[in-house]
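A quick write-up on the structure given underneath.
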Amino acid sequence: MNWQALANPARFKRLSDRLLPWFAGGAALCLAVGLYLGLVASPPDYQQGDSVRIMYVHVPAAWMAMFVYANLAVAAAASLVWRHPLADVAGRAMAPIGAAFTFLCLATGSLWGKPMWGTWWVWDARLTSVLILFFVYIAYMALNSAFDDDTRGARSSAILALVGAINLPIIKFSVDWWNTLHQPASVSRLDGPSIHASMLTPLLLMAVGFTLLFFALALVRMRAGLIERRLAALSYTRSADAGVASFR
Amino acid sequence: MSATLALLRRDLSLALRNVGETLTVLAFFVIAATLFPFGIGPEPQILARVATGIVWVVALLASLLPLERLFQSEADEGGLDQLLLAPAPLEALVLAKCAALWIGSALPLIAVSPIVATMLQLPTEAYGTLLASLLLGTPSLALLGGIGAALAVGARKGSALLALIVLPLAIPVLIFAVAAVEAQIGGLSVRPHLFLLAGFAVFWLTVAPFAMAAALRQAAS
């Protein structure tokens, strides 16, 4: 499929009409099963007890915080290279979702830190770099909406998104580079996950569910964004027509 | 090359003729740092412990002040179109503007910083490292600030937006600059931290011209 054909809003709407129910339904199913397995059926941790269940929300949220940013950076590159209007709409649609996942990650991490580390917050490398990621999302959204001309906002914030992308590897490797309180990766390791299947299954289900949820929300927000653009264009031509009419 | 040097010379002579702006930045730097002894108490041990952080954080905030005018004044007065038409790559021209910004506002700030550090009871042995960290760290701040200023040209909420863009990206510089001085006070090697600061400067020197030029091109279109 020639993906540039998607620039046509009508074609994008038809494709998203077909995809949206699958994304939304898949997200609901994965999240329901994942939450049941995670919160009810999986065993408590031998050290952490039941509070380990925060992991099933915290870890996928953290993955999503970075995954959404990676998508944002790709959309930003597409917006700058191909001047693709759909990429502008996509960036604007995805940023608040990514910020929400990042906030969810920070909030659940804080709730988990209190019983485990005895504190709501520590200035450890990974926490700090995720917090910076959250700030970059905020800056992106502020810059995106700071211009009267939407395209200017989209292009400016796209450059910021690409500059801010250097934060992603820093987050990923922060726990390896700096020896800190936050534990290192235990799922994506070269020697296989160091986590038992009864916990890994709900974790991965939640991750898939969050990913599908992100796609569903992004599609809905992109469609709303396209409608907004259309509305703005319509009201612009209408007021222009009205201006011409009154002139006559 | 000559156009780049001409721009550098013009910006520097502008900075010399508007000494008031530089003095305002310096005054902000000193006054904001003075607030801390009032805020956290005048005990010398406490102040000595936090002096580096205060000097660096206030320097970071002070370096935001001249940013709003950096490219916005060019855009308002039509200079931006001249930059785009000039017989030199825009990437080189924006570097010249950042260099002028650094010489015009960061260097005076570094010159004043020992006085502020004295008021905050910084241990004597740490002055050299503080100056080295400022000399190696502020170029990154000027380049980052240039990116923010170029992105925010024509934006509605100028100064707050600039802080939002620049401050998160400046955090790594702050971390390693303060770590260098802490290492000096703690009797550890300062070299890894200073090398990292130099590395940041080289990184932003590589990335920032392209980001600034891209931002200005689309601001002018």
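The values are calculated or read from the model by the stated rules, or taken from the named source; none is laboratory data. Please read all numbers here as calculations on a predicted model, not as lab measurements. Cβ: placed from backbone, ideal geometry, glycine included. Neighbour counts: every protein chain shown. Note: areas computed on protein heavy atoms with side chains; ligands, DNA, RNA excluded. Shrake-Rupley method; radii C 1.70, N 1.55, O 1.52, S 1.80 Å.
What tally of residues in region A:88-99 results from selecting those that are crowded, with 23+ Cβ neighbours inside 10 Å, within 14 Å of another protein chain (Cβ to nearest Cβ) and of a type in the set (A, V, I, L, M, F, W, C)?
The qualifying residues number 1.
Return yes or no: is A:Ser145 surrounded by fewer than 21 Cβ atoms within 10 Å (Cβ to Cβ), among the polar types (S, T, N, Q) and under 20 Å from A:Met222 (Cβ atoms)?
Spelling it out, A:Ser145 is indeed surrounded by fewer than 21 Cβ atoms within 10 Å (Cβ to Cβ), among the polar types (S, T, N, Q) and under 20 Å from A:Met222 (Cβ atoms).
Please verify whether B:Ile115 is away from every other protein chain (no Cβ under 14 Å), aliphatic (A, V, I, L, M) and in contact (Cβ under 8 Å) with a residue 12 or more places away in the chain, treating the condition exactly as stated.
yes
Okay, residues lined up against (1) aliphatic (A, V, I, L, M); (2) surrounded by 14 or more Cβ atoms within 10 Å (Cβ to Cβ):
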| site | (1), (2) |
| --- | --- |
| A:Asn8 | no, no |
| A:Asp17 | no, no |
| A:Gly49 | no, no |
| A:Arg53 | no, yes |
| A:Val68 | yes, yes |
| A:Val74 | yes, yes |
| A:Ser79 | no, yes |
| A:Pro85 | no, yes |
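Being among the acidic types (Asp, Glu), at negative phi and open to solvent by 20 Å² or more (accessible area, probe 1.4 Å) is the requirement here; does A:Asp150 meet it?
Here the answer is yes, as A:Asp150 does meet what is asked.
Do any helices (runs of 4 or more DSSP H) entirely within region B:1-92 hold 3 or more residues that are aromatic (Phe, Trp, Tyr) and under 23 Å from the mean Cα position of the chain (by Cα), and if so, which?
The helices (runs of 4 or more DSSP H) meeting that bar are B:19-40.
Among the residues of region A:132-142, is there at least one that is within 17 Å of the chain's Cα centre (by Cα) and without any contact (Cβ under 8 Å) to a residue 24 or more places away in the chain?
yes
How many of the residues making up region B:56-85 are over 23 Å from B:Pro114 (Cβ atoms), open to solvent by less than 30 Å² (accessible area, probe 1.4 Å) and touching a helix residue (DSSP H, G or I) at 6+ places or on another chain (Cβ under 7 Å)?
Total meeting the criteria: 6.
If B:Arg156 meets every condition in (1) open to solvent by less than 40 Å² (accessible area, probe 1.4 Å); (2) part of a loop (DSSP other than H, G, I, E, B); (3) within 14 Å of chain A (Cβ to nearest Cβ) apart from one, which number is that one?
(1)
Being facing chain B (nearest Cβ under 9 Å) and under 16 Å from A:Pro96 (Cα atoms) is the filter; apply it to region A:146-157 and report the residue that is nearest to the chain's Cα centre (by Cα).
A:Ser157
If you check B:Leu141, B:Leu134, B:Leu169, B:Leu164, which single one turns out to be touching a helix residue (DSSP H, G or I) at 6+ places or on another chain (Cβ under 6 Å), open to solvent by less than 10 Å² (accessible area, probe 1.4 Å) and assigned to a helix (DSSP H, G or I)?
Residue meeting the stated conditions: B:Leu134.
Out of the residues in region B:7-55 meeting the condition of being of a type in the set (Ser, Thr, Tyr) and under 16 Å from B:Val116 (Cα atoms), tell me which one is surrounded by the most Cβ atoms within 10 Å (Cβ to Cβ).
B:Thr52
Looking only at residues that are within 14 Å of another protein chain (Cβ to nearest Cβ) and more than 10 Å from A:Ile171 (Cβ to Cβ) in region A:107-126, which one is surrounded by the most Cβ atoms within 10 Å (Cβ to Cβ)?
Of everything passing the filter in region A:107-126, A:Asp124 is surrounded by the most Cβ atoms within 10 Å (Cβ to Cβ).
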